[in-house]
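Trainee: This is the structure, below, for whatever I ask next.
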Amino acid sequence: NAVTLNNAATLRGIGATPPAIAGGIITISNSATVTAVTGTDTDVLILGNSTNDLTGGGGGAVTIVVNGPGTIAAGYNDSPNGTLTANWNVTGGTLRVDYATALGVGNAVRVNGGTLAYHDTHESYIANPITLTIGRLGGIGYDAFFSGAVTVDGGASVVLNDLVSTGT
């Protein structure tokens, strides 16, 4: 079923096996800040299950806050989100990226607690600019490929693992 998330909305996923799947079109209202959370650290919430299921932000800045404590998966089943205009802010848990364009093309990602984990068997490169303040960046079972700028804030406490980059 389709759902629209307005400012201050929270999308909560409960379940690990099987995971919670927010299937159908998820539209985020313009200028909204929305939060994706799970109930426990073993829960998984999958945002969409088809191409462009996660959309919105075309008329104003949108922020998607990932606040765990479990896993929020973007781009399940090789689903690009090319119509999504939103910045991502990982403050807890894990944001699992299953496809290089799952975060939307060019959208900024800030890891300010938690983990940004790339899980793509196609060896595609994430081009999104990423800023790390505190947390983890890396791959799940595969090397993580990044071609966008990865910035580590001064005084940051970060862990990097299984990374492949096209630049410096």
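Trainee: Using a 1.4 angstrom probe, figure out how much accessible area region 1-152 has per residue, in square angstrom, rounded to the nearest whole.
Mentor: 41 Å²
Trainee: Given H placed 1.01 Å from N in the peptide plane, which residues other than close sequence neighbours of Val105 have an amide H under 5 Å from its amide H?
Mentor: Excluding prolines and chain starts, which carry no amide H, the hits are Leu84.
Trainee: Still on this model: Once you put a point 7 Å from the Cα of Asn7 and another 7 Å from the Cα of Asp153, both along the Cβ direction, what distance in nm separates them?
Mentor: Between Asn7 and Asp153, the label points sit 2.4 nm apart.
Trainee: Hey, in the GNM for the chain with a 10 angstrom Cα cutoff, which one of Gly155, Gly39, Gly13 fluctuates hardest?
Mentor: Comparing Gly155, Gly39, Gly13 in the GNM, the peak value goes to Gly155.
Trainee: Could you run the Karplus curve 6.51 cos²θ - 1.76 cosθ + 1.60 with θ = phi - 60° over region 99-116 and give me ³J(HN,Hα) per residue in whole Hz, x for Gly and Pro?
Mentor: 7, 4, 9, 5, 8, x, 6, x, 6, 6, 10, 10, 9, 10, x, x, 9, 9
Trainee: Of the candidates Leu95, Leu11, Leu54, which one comes out as most mobile in a Gaussian network treatment of the chain with C-alpha springs shorter than 10 Å?
Mentor: Judging by the Gaussian network model, the answer is Leu11.
Trainee: If you don't mind, another one. What is the ratio of the Cα radius of gyration of the chain to 2.2 N^0.38 Å, with N the residue count, to two decimals?
Mentor: Ratio of Cα Rg to 2.2 N^0.38 Å: 0.94.
Trainee: Right, here's the next one. Rounded to the nearest 5, what % of DSSP beta bridges with both residues in region 1-44 are antiparallel?
Mentor: 10 percent
Trainee: Can you tell me which of Thr42, Thr94, Thr33 moves the most in a GNM of the chain? Springs connect C-alpha atoms under 10 Å apart.
Mentor: Looking only at Thr42, Thr94, Thr33, the biggest GNM fluctuation is shown by Thr42.
Trainee: Length gain on complete extension for the stretch Ala16 to Ser31, per 0.36 nm per residue less the alpha carbon to alpha carbon distance?
Mentor: Residue separation times 0.36 nm, minus the Cα-Cα distance, leaves 2.3 nm.
Trainee: Out of the total accessible area of region 31-150 (probe 1.4 Å, heavy atoms of protein only), what percent is carbon and sulfur?
Mentor: Taking all protein chains in place, region 31-150 shows 47 percent carbon and sulfur surface.
Trainee: Pairs of alpha-carbon atoms within less than 8 angstrom and 6+ residues apart define the contacts here; what relative contact order does the chain have, in percent?
Mentor: 14 percent
The values are calculated or read from the model by the stated rules, or taken from the named source; none is laboratory data. This one's a predicted model, so the numbers in the text were calculated from it and none came from an experiment. Methodologically, a virtual Cβ is constructed for each residue, glycine included, from the backbone with ideal geometry; neighbour enumeration extends over all protein chains shown. To get the accessible areas, we keep the full protein, side chains included, count just its heavy atoms, and leave off ligands, DNA and RNA. Shrake-Rupley method; radii C 1.70, N 1.55, O 1.52, S 1.80 Å.
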